[in-house]
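Have a look at the structure below before the remarks.
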Amino acid sequence: MQKILVTGALGQIGSELVPALREHYGADTVVASDIRAPARDADVSAGPFEHLDCTKMRQIQEVVRHHEIGRIYHLGALLSAVAEEKPQAAWDLNMGGLYRVLEVARPYGCQVFFPSSIGAFGPTTPKVETPQDTVQRPTTMYGVTKVAGELLCDYYALRFGLDTRGLRLPGLISHVALPGGGTTDYAVEIFYQAIRYRHYTCCLKPDTRLDMMYMPDAIRAMMLIMEADPAGLTHRNAFNVAAMSFTPEELAESIRAHIPDFVIDYEVDPVRQAIADSWPESIDDSAARSEWGWQPEFDLAAMTKDMLDTLGARLKPAK
Ligand SMILES: NC(=O)c1ccc[n+]([C@@H]2O[C@H](COP(=O)([O-])OP(=O)(O)OC[C@H]3O[C@@H](n4cnc5c(N)ncnc54)[C@H](O)[C@@H]3O)[C@@H](O)[C@H]2O)c1
């Protein structure tokens, strides 16, 4: 097994992907990297770590050559809400990082994973059961970089025979690292606030329906797609993957099954609401199911119980 490099490894996904990869392939096989330094007690310290700015070609080359990397999970990026605040920086990092990762992967023949998003769709995309192949005219800088990233990965596969693969991930709910400034962050924050204060003020309207996934399912999907038999893949890249779809009000109701006095109220953030309104409510992941056997394990009720059990063991209610 050649080694695996993870860029942006200290973020919400990397904090759980790196330990899962290390458990599966061995701690020394997985090189975590980020532009930030890890905390001393961080999980990523259990194996090799490199300081790596993924917009610097030389740095990526050096790490890939030194560690004999054969697979790259490229996670370094700016997320949707932050990208709307800093569109120029988002373009530089999201496109510049991916382009340089692909350019380094090309001569070394590395497999590359690119995490696209439901943000790659836009207001003219069918909103319900969004098909795998459909209109993609996003109105956010995040979405623009995700569509362009999908196309760039397709191009490197077609033109240079690079083994690029990817998923369109929905909003991810997790309890290890806090989310990094996405539109679906509310679905994580709500659990922390529910346990501590039994109260949460949500930045999206109560009936904003979005596609979501619990992190263990997302990690499994990211590992499965990279191991999938290429002969069975028609799309290779940018697979829709889905697990659940809910509104803030429905999530609050699911939490109330465990914390009956939990209260939610709303102070709508127009920037995040506009982004959410341009995204699908639910997506059709039949291509992922038929081409590489995708099947989620967590629905809303199972995810809510697991989040509350895990965070409840760690957090104390405020006095
Ligand atoms: N979290 C989600 O809900 C979600 C959903 C769909 C797609 N995605 C995609 O998955 C990827 C990872 O998302 P995440 O939630 O872990 O993000 P995050 O914001 O939590 O983490 C991103 C990491 O990238 C690092 N980084 C920033 N600039 C860098 C640079 N120049 N070089 C190297 N690293 C740099 C940051 O320090 C951070 O640790 C992104 O491409 C994101 O768009 C995430």
### Task
Please enumerate the residues belonging to the stretch 100-123 that are surrounded by fewer than 17 Cβ atoms within 10 Å (Cβ to Cβ) and farther than 20 Å from Ala81 by Cβ.
Glu103, Arg106, Pro107, Tyr108, Gly109
## Note on the structure
If you go through Thr304, Thr310, the only one that is outside any loop (DSSP other than H, G, I, E, B), of a type in the set (S, T, N, Q) and crowded, with 22+ Cβ neighbours inside 10 Å is Thr304
### Message
So, in the stretch 25-48, exactly how many residues are in contact with a Pro (Cβ under 7 Å, 6 or more places away or on another chain) and in contact (Cβ under 8 Å) with a residue 40 or more places away in the chain?
### Response
1
### Message
If I filter the stretch 230-269 down to residues being modelled with pLDDT under 95 and exposed (fewer than 15 other Cβ atoms within 10 Å of the Cβ), which single residue comes out as farthest from Gly122 (Cα to Cα)?
### Response
Ala231
## Note on the structure
Residue hits (the stretch 174-191; more than 8 Å from the ligand (Cβ to nearest atom) and among the β-branched types (Val, Ile, Thr)) are Val176, Thr183, Val188, Ile190
### Message
Against the conditions (1) within 17 Å of Val112 (Cα to Cα); (2) away from the ligand (no atom under 12 Å from the Cβ), where does Ser45 fall short? Just the number, please.
### Response
(1)
#### Entry: Hey, Arg36 within 21 Å of Asp92 (Cα to Cα), within 16 Å of the ligand (Cβ to nearest atom) and either in a helix (DSSP H, G or I) or more than 22 Å from the chain's Cα centre (by Cα) (or both) or not
no
### Summary
Within the stretch 192-214, the residues that are within 16 Å of the ligand (Cβ to nearest atom) and either surrounded by fewer than 17 Cβ atoms within 10 Å (Cβ to Cβ) or aromatic (Phe, Trp, Tyr) (or both) are Tyr192, Tyr214
### Task
Could you tell me whether Ala89 is modelled with pLDDT under 95 and out of contact with any Asp or Glu (no Cβ under 9 Å at 6 or more places or on another chain)?
no
### Message
Given the criterion within 15 Å of the ligand (Cβ to nearest atom) and in contact with a Lys or Arg (Cβ under 8 Å, 6 or more places away or on another chain), identify the matching residue among Thr130, Thr164.
### Response
Thr164
#### Entry: Considering residues of the stretch 51-78 that are outside any helix (DSSP H, G or I) and without any contact (Cβ under 8 Å) to a residue 24 or more places away in the chain only, the residue farthest from the ligand (Cβ to nearest atom)
His51
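Each row is one residue, and each column tells you yes or no for (1) assigned to a strand (DSSP E or B); (2) open to solvent by less than 10 Å² (accessible area, probe 1.4 Å); (3) under 26 Å from Glu84 (Cβ atoms); (4) of a type outside the set (Gly, Ala, Ser).
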site	(1), (2), (3), (4)
Ala148	no, no, yes, no
Leu152	no, no, yes, yes
Arg159	no, no, no, yes
Pro179	no, no, yes, yes
Gly182	no, yes, yes, no
Met223	no, no, no, yes
### Hey, Glu84 closer than 23 Å to Pro280 by Cβ, part of a helix (DSSP H, G or I) and open to solvent by 10 Å² or more (accessible area, probe 1.4 Å) or not
yes
### Flag for Val147 being of a type in the set (A, V, I, L, M) and either more than 24 Å from Ser33 (Cβ to Cβ) or near the ligand (Cβ under 9 Å from one of its atoms) (or both)
yes
### Summary
Residue set Pro48, Pro38; condition closer than 27 Å to Tyr99 by Cβ, modelled with pLDDT under 95 and open to solvent by less than 60 Å² (accessible area, probe 1.4 Å); output residue Pro38
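The values are calculated or read from the model by the stated rules, or taken from the named source; none is laboratory data. These numbers were taken from a predicted model, which means no experiment stands behind them. Every residue, glycine as well, gets a Cβ built from its backbone with ideal geometry; the counts of neighbours run over all protein chains shown. Ligands, DNA and RNA are stripped out before the accessible areas are found, and what is left, the full protein with its side chains, is counted by its heavy atoms. Shrake-Rupley method; radii C 1.70, N 1.55, O 1.52, S 1.80 Å.
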